[in-house]
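Report on one structure; see the data block that follows.
Each value in this text was obtained by applying a stated rule to the coordinates, not by laboratory testing. Remember, it's a predicted structure, so these values are computed and weren't measured experimentally. Cβ placement follows ideal geometry from the backbone for every residue including glycine, while neighbour counts extend to all protein chains displayed.
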Amino acid sequence: MQYDVIIIGGSYAGMAAALPLARARRKIMVIDAGQRRNRFAESSYGFLGRDGHAPGAIAEEAKQQLLAYPTVTWNEGRVFNAIKTDSGFRIETPGQFYDTKRLVLSLGVEDILPDLPGLKERWGKAVYHCPYCHGYELNQGHIGVLAVGPNSIHQALMLPDWGKTTFFLNDAFAPDEEQSAQLNARGVTVETAPVTEITGHADIRLADGRIIPLAGLFTAPATRPASPLAEQLGCAIEDGPLGPYIGVDGMKETTVPGVFACGDAARGAGNVSLAIGDGAMAGVAAHRSLIF
């Protein structure tokens, strides 16, 4: 059986790509491994119309609305191979092949967290990466930024809009004279003592024994696409500030004709709103490519 479009990844971007295709009555399949990036967070903020709602509930409601369209098939599983064929693409899941004319990659990303005791279990609950998503709820309390490299300066300069900010260098970054002046102008406290542990709610334990209580901690983990499928297909991979991502044009098409990509795996950084917008564009572009 050949599909018009197969969408790999059924989180926000993938479902947003599926919706215009379903409304165009195209035969589509969504293959989803069930690993939303924000699955650790209790609430999703900054998404218009759903501000503060549970991310799992948002995704489930969207899925049920999508499945109301009769041309949509939902497959819970993981794709481990994708190849180009004469008529489009062949997708392989454990024990099954599927053929499709077009392919949308909504692969999501993996966050590569700093190796620091206590951080992983607080990820998405008291340790965050996006101030627009979680900064407001800290109620202008004391905020920390954990440096992981040169890009961390941007977080440190942004966070004072959400509360008193301390920048923990943790031997990962040393600001130069100009950057130090910028931090000072923003009222950021710079802490040079190494961090040994995250404890309590989001408190920093330093190597000299001090504990600094925080309302929340921000860091910028490296990311990478959660699946190697784009590279398997020969799609160009770009280098972003946080890690590699799938290169796309303005219509979300990759360098491989007929393969579109959207969501966090296809941009340098993102959130739910941007993922949904990218997904909608990818779905529309995939549909138009079937016609023109």
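Side notes on the structure shown:
- Residues CYS130, CYS262 arranged by fewest to most Cβ contacts within 10 Å: CYS130, CYS262
- Computed over the chain: relative contact order in percent, which uses C-alpha pairs under 8 Å that are six or more apart: 22 percent
- Share, in percent, of DSSP beta bridges within the chain that are antiparallel, nearest 5: 45 percent
- Taking other residues whose beta carbon is less than 13 angstrom from the beta carbon of THR192, and scoring Lys, Arg as +1 and Asp, Glu as -1, yields -2.
- Checking Cβ-Cβ separations below 4.7 Å across the chain identifies CYS235, CYS262 as cysteines lacking any candidate disulfide partner.
- Straight-line cross-link partners of LYS84 among the lysines, defined as a Cα under 16 Å from its Cα and at least 8 positions apart when in the same chain: LYS101.
- Tensor-based shape of the stretch 182-292 (alpha-carbon gyration tensor, a/c under 1.5 rounded, otherwise prolate or oblate): prolate
- Set of aspartates and glutamates near LYS63 by C-alpha distance (under 17 Å), chain-local residues within fewer than 8 positions excluded: ASP32, GLU76
- Reachable aspartates and glutamates, given that their alpha-carbon falls under 16 Å from the alpha-carbon of LYS27 and they are not under 8 places away in the same chain: ASP4, ASP99
- In this simple spin-label model, placing a label point 7 Å from the Cα along the Cα-to-Cβ direction at both SER289 and ASP51 gives a separation of 3.6 nm.
- Relative packing of peptides 63-71, 168-176, 244-252 - highest average C-beta neighbours within 10 Å first: 244-252, 168-176, 63-71
- Summarising the strand pairing of the stretch 114-219, around 30 percent of its internal DSSP beta bridges are antiparallel.
- Shown for MET29, MET1: other C-beta atoms within 10 Å of each C-beta, ranked fewest to most, produce the order MET1, MET29.
- Loop trypsin sites (Lys or Arg not before Pro), the stretch 110-213, which have at most 13 other Cβ atoms in a 10 Å radius of their Cβ (DSSP): ARG210
- Answer label for semi-axes √(5λ) of the Cα gyration tensor in Å (calculated), chosen among (i) 40, 19, 16; (ii) 41, 30, 13; (iii) 67, 17, 16: (i)
- According to the Cα-based calculation, Rg over Rh for the stretch 114-219 is 0.92, with Rh computed by the Kirkwood formula.
- Multiplying the residue separation of THR85 and THR255 by 0.36 nm and removing their Cα-Cα distance gives an extension gain of 59.6 nm.
- Cβ-Cβ FRET estimate between GLU238 and ALA185, R0 fixed at 41 Å, reported to 0.05: 0.80
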